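Visitor: Attaching a single structure in structure tokens format; questions to follow.
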Amino acid sequence: MSKTIYNFSAGPAIMPGPVLERARDEIRSLAGSGMSVMEISHRSETFGAILDSAERGLRELLAIPENYRILFLQGGATLQFSMVPMNFLGASETADYVITGAWGEKALVEARKCGRVNVIYSTADERHRSTPTQAELNFSRNAKYVHYTSNETIEGVEFKYDLKGGGSPVVCDASSNILSKRIEIGEYALIYAGAQKNIGPSGVTVVIIRDEMLEHVPDGLHSLLDYRKIAEHGSMLNTPNTWGIYLIDLVCSWLKGEGGVPGIERRNIEKAAILYDAIDESDGFYEGHAVRDARSLMNVTFRLPSAELEIRFCDEALAAGLNGLMGHRSVGGIRASIYNAFPRDGVEALVSFMRDFSHRNG
Ligand code: PMP
């Protein structure tokens, strides 16, 4: 039996054990076909059923209404930073961006290449530790859309409400908290998420888009960058990431068995509380990065009294089987990513390590 390793990586991240086991069992022969899912045509009936089932799974879990399309794309969430403005922001038009962390900053850079962008709120001056309230947001008149990042993975800062666009369509990068809690899909014109945290493996991106948005896509876009064309072809304009979509389908089945999104949300709240309590009860040895009401349930970020101690913390944690705790290279500190598939006993193991470490080094 190999030693237990708890994987706190921010993404690609831990996958549900039963999903990996099922994929292992089916790797040589999918549904008695004698072929691997990686070996069959994306146009086959067998794969068509998987694609339909993955879509149905997401639709059910997130209660996605019929007037929304679900697309499976490639290019990661990063390509969505470009596709959103290419599809919805003309050169003389305006979009609003709400910036609460590093991923929003990156989305902004790409949008500026397409049209006018108003940063209507930014937490950059305080190193992205909070989120605005709805009342603090003043939208531009005639904005084509407002873009925000519901969970900033690097800083560990999360919106606790579905942002409303004040009449503008809302576009949301939900890469690191999709499926982790209930959201009101009807508030959004478009949600995108790279799969590699809560939905599946890297290499596939989920886009949930309200039908009417497709009418605004300009003619003449390159086909693979054109939401309307991709939707018309049911995500099969070219060969999709068949393996990734297969795993998304398995993750959806797993999540349904875990009580769906409400069930996992309850557990996510409990897991995060255990960790944040340990931070708050450490007499200042551990200092959380995010302000309390913006604390992420998915990425728990904190600092130690010195960079040297942070390095020692990560080294010793690794030796104790706690992997992937080093904060993002751009901000340092510690980051514990505790996505849907991350077990509660792993959180408890980290907290007990933290208590021991602070007693020895405090
Ligand atoms: N947005 C968020 C919130 C992310 O966490 C990430 C990746 N960690 C990205 C965008 C970029 O995703 P990708 O690497 O799939 O392009």
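Visitor: Here are the criteria: (1) under 23 Å from the mean Cα position of the chain (by Cα); (2) in contact (Cβ under 8 Å) with a residue 40 or more places away in the chain; (3) surrounded by fewer than 14 Cβ atoms within 10 Å (Cβ to Cβ); (4) under 27 Å from Asp345 (Cβ atoms). Tell me which single one Gly259 does not satisfy.
Guide: Evaluating Gly259 over (1) under 23 Å from the mean Cα position of the chain (by Cα); (2) in contact (Cβ under 8 Å) with a residue 40 or more places away in the chain; (3) surrounded by fewer than 14 Cβ atoms within 10 Å (Cβ to Cβ); (4) under 27 Å from Asp345 (Cβ atoms) leaves (2) as the failure.
Visitor: Being surrounded by fewer than 18 Cβ atoms within 10 Å (Cβ to Cβ) and away from the ligand (no atom under 16 Å from the Cβ) is the filter here; which residues of region 104-120 pass it?
Guide: If the condition is that a residue be surrounded by fewer than 18 Cβ atoms within 10 Å (Cβ to Cβ) and away from the ligand (no atom under 16 Å from the Cβ), then Arg112, Lys113, Gly115, Arg116, Asn118, Val119 are the ones that fit.
Visitor: Tally time: how many residues in region 18-47 are in contact (Cβ under 8 Å) with a residue 24 or more places away in the chain and either within 27 Å of the chain's Cα centre (by Cα) or within 16 Å of the ligand (Cβ to nearest atom) (or both)?
Guide: Number of matching residues: 8.
Visitor: Considering each residue of region 110-124, count those that are in a loop (DSSP other than H, G, I, E, B) and either closer than 18 Å to His216 by Cβ or in contact (Cβ under 8 Å) with a residue 60 or more places away in the chain (or both), and give that number.
Guide: 2
Visitor: Give just the number: which of (1) more than 10 Å from the ligand (Cβ to nearest atom); (2) in contact (Cβ under 8 Å) with a residue 24 or more places away in the chain does Glu184 not satisfy?
Guide: (2)
Visitor: Residues being more than 15 Å from the ligand (Cβ to nearest atom) and touching a residue at least 40 places away in the same chain (Cβ under 8 Å): count how many of those fall in region 187-207.
Guide: 1
Visitor: Can you tell which of Ser150, Ser82 is buried (at least 19 other Cβ atoms within 10 Å of the Cβ) and within 12 Å of the ligand (Cβ to nearest atom)?
Guide: Numbers: Ser82 fails: buried (at least 19 other Cβ atoms within 10 Å of the Cβ).
When all the criteria are applied, what remains is Ser150.
Visitor: Right, here's the next one. Of all residues in region 126-144 being small (Gly, Ala, Ser) and under 30 Å from Glu215 (Cβ atoms), which is nearest to the chain's Cα centre (by Cα)?
Guide: Here is the first cut: in region 126-144, the residues small (Gly, Ala, Ser) are 130, 135, 140, 143.
Narrowing the set further to residues that are under 30 Å from Glu215 (Cβ atoms) leaves 140, 143.
Details: Ser140: 27, Ala143: 25 Å.
Filtering first and then ranking leaves Ala143.
Visitor: Provide a single number: the residues in region 189-217 that are crowded, with 22+ Cβ neighbours inside 10 Å and of a type in the set (Ser, Thr, Tyr).
Guide: Number of matching residues: 2.
Throughout, read-outs are computed from the coordinates displayed, never taken from laboratory work. Not measured: the values here are computed from a predicted model. Virtual Cβ from ideal backbone geometry, glycine too; neighbours counted across all protein chains shown.
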